[in-house]
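Engineer: Handing you this structure, nothing more for now.
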Amino acid sequence: MIGTLYGVGVGPGDPELVTVKAYRILKEAHAVCYPKKRKGSKSYAQQIIDVYINPHEKDMLGLIFPMTKDETILKREWTKTANLLWEKLREGKDVAFVTEGDPLLYSTFIHVMNIMREKYPEVNINIVPGISSINGASAQLKIPLADGDEHVAIIPARDDYETMKKAILENDCIIFLKVAKVIDLMIEILDELQLLHKAHVVTKTTSKEEIVWNVKELKGIELEYLTLMVVRK
């Protein structure tokens, strides 16, 4: 009997935002897989589930995922991950792969799922949706994402002035993910459009480490990776 692979979203940071179903799967799974940092500190997803998991009662699989755009390296490392999961699954063990936010929204689990489908199609894969950082930030800021016929966009921020500007102009509310690396560019665009007062930047939303920044003071500041921007016109 082959085990089931679960993609489990554990929310944006606050452990109380883990769903009842995610909690049950974490308790019932034989193994828990999570992204692991190279330096040995706990990953963000691991920190979220710490209060629910006794590591001595589970097979804990900490996996390092490459931060590169090299397709060859990515394919090789994702395949290694899939093979490690298969070792557990073929023993009949259920595996919960945890990810912050939602498993199918800009998540490491998407790559794992695609490789598993390709290499081990006999494995049953179930998804447990989670609350995304987008919803978490909206709630913390008390800003509605969309109402009525309004348009909302989710955009990975990148170093492309015209594309980022166009996204702001064409939508009523825009959530820019991974904004830390281009924060100066985004401030420049918002300043040009006279929308700086409509922007909000949050790091590690809903967690104990959450920071809501004053956007006007962010130019030149180095932000953490888990930072997003909400522009609500």
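Throughout, read-outs are computed from the coordinates displayed, never taken from laboratory work. Since we're looking at a predicted model, the values are computed, not measured. Glycine also receives a Cβ, built like all others from the backbone with ideal geometry; neighbour counts cover every protein chain displayed.
Engineer: What does the extension gain come out to for LYS27 and ASN126, with contour length at 0.36 nm per residue minus their alpha carbon separation?
Structural biologist: Numbers: separation 99, 0.36 × 99 = 35.64 nm, distance 1.56 nm.
That works out to 34.1 nm of additional length.
Engineer: Add +1 for every Lys or Arg and -1 for every Asp or Glu among the other residues with Cβ under 12 Å from the Cβ of VAL10, and state the total. If you can, show how the numbers build up before the last one.
Structural biologist: Numbers: positive: LYS21; negative: ASP14, GLU16, ASP50, GLU100, ASP102.
Result for the local shell: -4.
Engineer: Let me ask something else about it. Restricting attention to region 133-204, which GluC sites (Glu not before Pro) occupy a DSSP loop and are surrounded by at most 16 other Cβ atoms within 10 Å? Walk me through the numbers before you get to the answer.
Structural biologist: Working: sites: GLU150, GLU162, GLU170, GLU188, GLU192; in loops: GLU150.
Passing sites in region 133-204 are GLU150.
Engineer: Calculate the FRET efficiency for ARG158 and LYS42 from the Cβ-Cβ distance with a Förster distance of 35 Å, rounded to the nearest 0.05.
Structural biologist: Details: r = 29 Å, r/R0 = 0.82.
Taking R0 as 35 Å, the efficiency between ARG158 and LYS42 is 0.75.
Engineer: Kirkwood hydrodynamic radius, region 87-141, all distinct C-alpha pairs: what's the number in Å? Display every interim value, and only then the final one.
Structural biologist: Details: mean 1/r = 0.0785 Å⁻¹.
Across region 87-141, the inverse of the average 1/r is 12.7 Å.
Engineer: Related question: Given the -39500 (n - 2.57) contribution per DSSP H run of 4+ residues, what per-residue ellipticity at 222 nm results for the chain, rounded to the nearest 500 deg cm²/dmol? Spell out each step's value before the answer.
Structural biologist: On the way: 7 runs with 75 residues, N = 233.
Theoretical 222 nm ellipticity from helices: -9500 deg cm²/dmol.
Engineer: By DSSP, what percent of the beta bridges with both residues in the chain are antiparallel, rounded to the nearest 5?
Structural biologist: In the chain, approximately 35 percent of DSSP beta bridges are antiparallel ones.
Engineer: Continuing with this model, one more query. Mind ordering 97-105, 111-119, 55-63 by average Cβ neighbours within 10 Å, highest first?
Structural biologist: Values: 97-105: 24.7, 111-119: 16.9, 55-63: 13.6.
Ranking, from highest mean packing down: 97-105, 111-119, 55-63.
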